[in-house]
Amino acid sequence: MQQYDVVVVGGGIAGLTAAIYAAKAGKQTLIIEKQERLGGRAMSMKKKGAYFNLGGHALYKGDAYATFMDLGIHVQGAEPSIEGYGVWKGKLSILPTDMKSLFTTPLLSWKGKLELAAWLGKLGKMDTHPYDRISIREWVESNLRDPMVRNIFYSLLRTASYVVGPDLPAAGPALKQLQSALKGVLYLDRGWGELVEALRRKASDLGVRFVTNSLVTSIDVQDGSVRHVLCKDGAKIGAHHVVLATPPSIAHQLVPFSEKTALHTWKEQAIEITAACLDVALRRLPKPKQQFVYGIDQTVFLSNQSRAAYLSDDGAQVISVLKYQGKETDPNKDLRELEGMLDLVQPGWREELIVKQYLPKMTVSHDFMHVNGRVNPGPAVPEISGLYVAGDWASHGELLVDAATASAKRAVQHILSLERKERTDLYEHRGIV
Ligand SMILES: Cc1cc2nc3c(=O)[nH]c(=O)nc-3n(C[C@H](O)[C@H](O)[C@H](O)COP(=O)(O)OP(=O)(O)OC[C@H]3O[C@@H](n4cnc5c(N)ncnc54)[C@H](O)[C@@H]3O)c2cc1C
């Protein structure tokens, strides 16, 4: 039977990050992934010469970006311009995202323009932490007066958080993400799959072992500590530490008596964010100026990612259209809405279509910072020694992939600090003896 210091279950960005930091600290590390390929939701596919992510992705300059820099991973891509349009009552209007667009937009009255100008000036420097425990709606209604300024902020904060309604998401993290978005995000050349590949290479160079196509079915716990990881194919792998970089429901399912552990609370409090995603590769853009569009009175967002990133081998334009979903979803209705957005922004797109990808319900995040009395999951499962969690749901204030990398690092830091403490205790004990 093989024995590892650290076994990571799940080979998405969180699992890869945890494995890299564990291996960097000298730990014998194994990743077990149930799919054929690593990457989880950060995979990309190449279809007829165009690179598609699993729905539109942008890398913010948050924890994930800083982590990749720390690991010496050169993220290739570019920042798109934030000049864009808003859809209001079925029409496209210039979206005020900077001083120039603010003065030309017909969306706002002069009073509204002055109010938004003041906010654009102070937003970047604002401390967002005081708003960590109130909802987006509470923040908007107590800070903004003009109804259209409120609508614009709802739209911007929806795009930053991916959450359709303003009553649940905590305002602080969403405002922080918006600050980061206004400074510029990155669209990645050849999609996020390149990032996954760079992480895989880094992990491999550091000696991480990988098993793909292998479903983990349970974690063997004896005397309150993890002992083995059991797989569907019968493999039994010895482990001192296990990082569950899976969704919270799977983490809960894998652990015996999990209903008596914190895993139960973390699973129960989790609120999934989903989106319907339509990606198209077009031979050319019927309306080359209209590449970045926020729905203001509808929950759809469109971006031509190839205006910044290399996303096709033959110059095709790769556009992502995304619908933020609530509880009720209808794949056909959602597709009609997404195609309707394309009809408005790029009329005649069907004649230019090379290939499309429709994903009716993608999980964008398994949980987020919400105001329903949420506790921060992880890094350690307190009831079981050697068991940790990581993933975009194990957030301590971060959103999306930033939560995936931050939680992965927290798990490894916890393992290392525990070992340091055990060593110190041992030396002290020997000293006394
Ligand atoms: C449409 C869409 C748009 C997004 N846009 C953005 C964006 O703009 N910016 C941003 O920062 N983030 C964005 N995200 C979120 C980002 O993709 C995720 O936060 C990130 O990829 C999550 O990584 P993870 O490792 O936590 O989870 P996953 O990628 O889900 O990884 C979990 C892995 O565990 C594996 N697994 C599960 N169960 C088992 C088992 N029993 N045994 C073995 N393996 C198992 C799964 O196969 C999977 O590979 C978006 C996501 C989507 C879907």
Problem set entry | Any hit, the stretch 77-90, residues being in a helix (DSSP H, G or I) and in contact (Cβ under 8 Å) with a residue 24 or more places away in the chain | no
Exercise. Are any of the residues in the stretch 310-318 acidic (Asp, Glu) and modelled with pLDDT under 95?
Worked result: yes
Problem set entry | Qualifying positions in the stretch 232-249 - crowded, with 18+ Cβ neighbours inside 10 Å and either under 13 Å from GLY10 (Cα atoms) or touching a helix residue (DSSP H, G or I) at 6+ places or on another chain (Cβ under 8 Å) (or both) | HIS241, VAL242, VAL243, LEU244, ALA245, THR246, PRO247, PRO248
For this session: Restricting attention to the stretch 251-289, report how many residues are surrounded by fewer than 19 Cβ atoms within 10 Å (Cβ to Cβ), out of contact with any Ser or Thr (no Cβ under 8 Å at 6 or more places or on another chain) and not in a loop (DSSP other than H, G, I, E, B).
Result: 7
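Among the residues of the stretch 83-137, which ones are basic (Lys, Arg) and open to solvent by less than 90 Å² (accessible area, probe 1.4 Å)? Spell out the reasoning first.
Residues of the stretch 83-137 basic (Lys, Arg): 89, 91, 100, 111, 113, 122, 125, 133, 137.
Scanning the stretch 83-137 gives LYS113, ARG137.
In this structure, is ASP223 acidic (Asp, Glu) and free of Cβ contacts under 8 Å to residues at least 12 places away in the same chain? Full working, then the answer.
Working: acidic (Asp, Glu): yes; free of Cβ contacts under 8 Å to residues at least 12 places away in the same chain: yes.
Criteria met by ASP223.
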Problem set entry | the stretch 185-211 residues that are free of Cβ contacts under 8 Å to residues at least 24 places away in the same chain, paired with ones that are of a type outside the set (S, T, N, Q) and part of a strand (DSSP E or B) (beta carbon under 9 Å, 6 or more apart) | SER204/PHE210
Exercise. What number of residues within the stretch 49-77 are more than 18 Å from the chain's Cα centre (by Cα), among the small types (Gly, Ala, Ser) and buried (at least 20 other Cβ atoms within 10 Å of the Cβ)?
Worked result: 1
For this session: Only residues in the stretch 5-17 that are touching a residue at least 40 places away in the same chain (Cβ under 8 Å) count as the first member; pair them with residues that are buried (at least 24 other Cβ atoms within 10 Å of the Cβ) and among the acidic types (Asp, Glu), Cβ under 6 angstrom, at least 6 apart or cross-chain, and list the lot.
Result: GLY11/GLU33
For this session: Starting from the stretch 368-390, take each residue that is touching a residue at least 12 places away in the same chain (Cβ under 8 Å) and list its partners that are of a type in the set (Phe, Trp, Tyr), counting only C-beta distances under 7 angstrom and pairs at least six apart or across chains.
Result: PRO377/TRP266; PRO377/TRP393; GLY378/TYR388; PRO379/TYR388; ALA380/TYR388; VAL381/TYR388
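Would you say GLY386 is among the small types (Gly, Ala, Ser) and either at pLDDT below 95 or surrounded by fewer than 18 Cβ atoms within 10 Å (Cβ to Cβ) (or both)?
Details: among the small types (Gly, Ala, Ser): yes; either at pLDDT below 95 or surrounded by fewer than 18 Cβ atoms within 10 Å (Cβ to Cβ) (or both): no.
No; evaluated as a whole, the condition is false for this residue.
Looking at SER320, SER225, which one is surrounded by 21 or more Cβ atoms within 10 Å (Cβ to Cβ) and not assigned by TED's automatic domain parsing to the domain that holds MET148? Before the answer, list the steps.
Numbers: SER225 fails: surrounded by 21 or more Cβ atoms within 10 Å (Cβ to Cβ).
The conditions single out SER320.
Can you tell me how many residues within the stretch 39-48 are more than 6 Å from the ligand (Cβ to nearest atom) and open to solvent by 20 Å² or more (accessible area, probe 1.4 Å)? Show your work before the answer.
Filtering the stretch 39-48 down to residues more than 6 Å from the ligand (Cβ to nearest atom) leaves 39, 43-48.
With open to solvent by 20 Å² or more (accessible area, probe 1.4 Å) added as a condition, the list becomes 45-48.
Counting residues in the stretch 39-48 that are more than 6 Å from the ligand (Cβ to nearest atom) and open to solvent by 20 Å² or more (accessible area, probe 1.4 Å) gives 4.
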Exercise. Is it the case that the stretch 178-198 has a residue that's at pLDDT 95 or above, out of contact with any strand residue (DSSP E or B) (no Cβ under 9 Å at 6 or more places or on another chain) and surrounded by 19 or more Cβ atoms within 10 Å (Cβ to Cβ)?
Worked result: no
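The values are calculated or read from the model by the stated rules, or taken from the named source; none is laboratory data. Fair warning: this is a prediction, and the values are worked out from it, not measured in the lab. Glycine gets a Cβ as well: all are built from the backbone with ideal geometry, and neighbour counts include every protein chain shown. All accessible areas refer to the heavy atoms of the entire protein, side chains included, with ligands and DNA or RNA removed. Shrake-Rupley method; radii C 1.70, N 1.55, O 1.52, S 1.80 Å.
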